[in-house]
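The values are calculated or read from the model by the stated rules, or taken from the named source; none is laboratory data. Fair warning: this is a prediction, and the values are worked out from it, not measured in the lab. Ideal geometry is used to build each Cβ from the backbone, glycine not excepted, and the neighbour counts take in all protein chains shown.
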Amino acid sequence: MPILDRDLIERIWEQVLQRSDEEISDLIRRPSRVLFDAAMSGNVEFLALLLCKYPDLLWEVNEKKQSVFHVAVMHRHVRVFNLIYNIGAIKD
């Protein structure tokens, strides 16, 4: 991910983190399900930024009751799977 994009994402995420947990969950689920779209497409860098700043996102589920972990495995994104696995181990 280019540095400029990463800086922009980090700034946006800092603003998002100032909201309540409920508002953050709503932002992630609607309208584009950002977290799950990133897992589906294998965007490890973006997921790393989100999950490192807000690890509780690991427990979010989509409309099919699938976690980010499920989505990464279904789409065979090993790097996403490893990222989630490692963050989960650290969190535990």
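A few points about this structure:
- Condition check for Leu49 on (1) outside any helix (DSSP H, G or I); (2) at pLDDT 80 or above: one failure, at (1).
- Unmet criterion (only one of (1) at pLDDT 85 or above; (2) over 24 Å from Asp7 (Cα atoms)) for Asn43: (2)
- Unique match (being touching a residue at least 24 places away in the same chain (Cβ under 8 Å) and either within 22 Å of Glu22 (Cβ to Cβ) or β-branched (Val, Ile, Thr) (or both)) among Lys53, Lys64: Lys53
- Residue that is modelled with the highest pLDDT, among those in the stretch 1-40 that are surrounded by 16 or more Cβ atoms within 10 Å (Cβ to Cβ) and among the charged types (D, E, K, R): Arg33
- Residues in the stretch 64-92 that are closer than 20 Å to Leu27 by Cβ and modelled with pLDDT of 85 or more: Lys64, Lys65, Gln66, Ser67, Val71.
- Search result, residues across the stretch 55-84 that are closer than 20 Å to Arg6 by Cβ and crowded, with 18+ Cβ neighbours inside 10 Å: Leu57, Val68, His77, Val80, Leu83, Ile84
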